[in-house]
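The values are calculated or read from the model by the stated rules, or taken from the named source; none is laboratory data. Small disclaimer: the values here were computed from a predicted structure and weren't measured. Here the Cβ positions follow ideal geometry from the backbone for every residue, glycine too, while neighbour counts run over all protein chains shown. Quick note on the areas: whole protein, heavy atoms, side chains included, nothing else; ligands and nucleic acids left out. Shrake-Rupley method; radii C 1.70, N 1.55, O 1.52, S 1.80 Å.
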Amino acid sequence: IEATCLVPGYVRLPADYDSTRAYPLVIGLHGYGANPKSFARLYERAGNPDIIYVCLQAPYAFGAGRDLGYSWSTWNRDDSTVDKRSAVLSSDYIADAARELGARYHTNGTWLLGFSQGCFMAYRTGIAHPDLFKGTICFGGGLDTMSFSSADYAAAKGLRVFASHGKEDRMVEFKYGTSTRDFLKRKGFGVTWAEFKGGH
């Protein structure tokens, strides 16, 4: 059963934030089992860039050791459709958050930044809602290419894509990154690709 709920997010504003000035808005989507608080630390690690950086929390909580982890989809062994339906709901939630953030802050474009499962969601959400996003920044993940029709891809091909993947990734195999890159290029997307020697 679908349910609406309040979900926390973390906002990082530039140190000299000026509400009258337009900034790029980057929406961060964490990986499976992680949380938005840890993903928000990327802002400081990137040297406090001159952007508005917002990390959303995935809606599906589960036990991850002593802490709760969060997932962008869930499943039910008695209903095989739950995984796909929950991912669509998460994609719509991300799109709704982008609209609300765009109304709250003065922005000059919105990008999705995803890692691992968050990368899959960045692709899914960007292609499903190309009017909302200028591009996706995707690390260590891929795209379920069967999720969309040829018409959907044609409508979204203006979406810019930066993708990066570690060649020794054992969590999400390197081939998922390269196959997504090649698929999107065939569909007419502009893809910037960066591979590196390393893992997930």
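Is segment 93-115 home to any residue that is over 13 Å from I27 (Cβ atoms) and either at pLDDT below 95 or buried (at least 17 other Cβ atoms within 10 Å of the Cβ) (or both)? No: segment 93-115 contains no residue that is over 13 Å from I27 (Cβ atoms) and either at pLDDT below 95 or buried (at least 17 other Cβ atoms within 10 Å of the Cβ) (or both). Can F133 be described as under 26 Å from P14 (Cβ atoms) and of a type in the set (F, W, Y)? Considered against the rule, which asks whether it is under 26 Å from P14 (Cβ atoms) and of a type in the set (F, W, Y), F133 comes out as yes. V11 meets the conditions (1) among the hydrophobic types (A, V, I, L, M, F, W, C); (2) over 21 Å from M171 (Cα atoms); (3) modelled with pLDDT under 95 in every case but one. The failed one is (3).
Does M121 satisfy being open to solvent by less than 30 Å² (accessible area, probe 1.4 Å) and among the aliphatic types (A, V, I, L, M)? Here the answer is yes, as M121 does meet what is asked.
Listed by position, the strands (runs of 3 or more DSSP E) enclosed by segment 1-71 that each have at least 3 residues that are touching a residue at least 40 places away in the same chain (Cβ under 8 Å) and either open to solvent by less than 80 Å² (accessible area, probe 1.4 Å) or touching a Leu at 6+ places or on another chain (Cβ under 9 Å) (or both) are 9-12, 23-29, 52-56.
Taking each residue of segment 95-107 that is more than 13 Å from V54 (Cβ to Cβ) and looking for partners that are surrounded by fewer than 17 Cβ atoms within 10 Å (Cβ to Cβ) with beta-carbon atoms closer than 6 Å, six or more apart or interchain, yields H106/A22. Please go through segment 148-179 and give me each residue that is open to solvent by less than 30 Å² (accessible area, probe 1.4 Å), hydroxyl-bearing (S, T, Y), out of contact with any Cys (no Cβ under 8 Å at 6 or more places or on another chain) and within 29 Å of G199 (Cα to Cα), ordered by number. Selection gives T178 alone. Condition test on D83, is it under 20 Å from S147 (Cα atoms) and either touching a strand residue (DSSP E or B) at 6+ places or on another chain (Cβ under 6 Å) or modelled with pLDDT under 95 (or both)? Yes.
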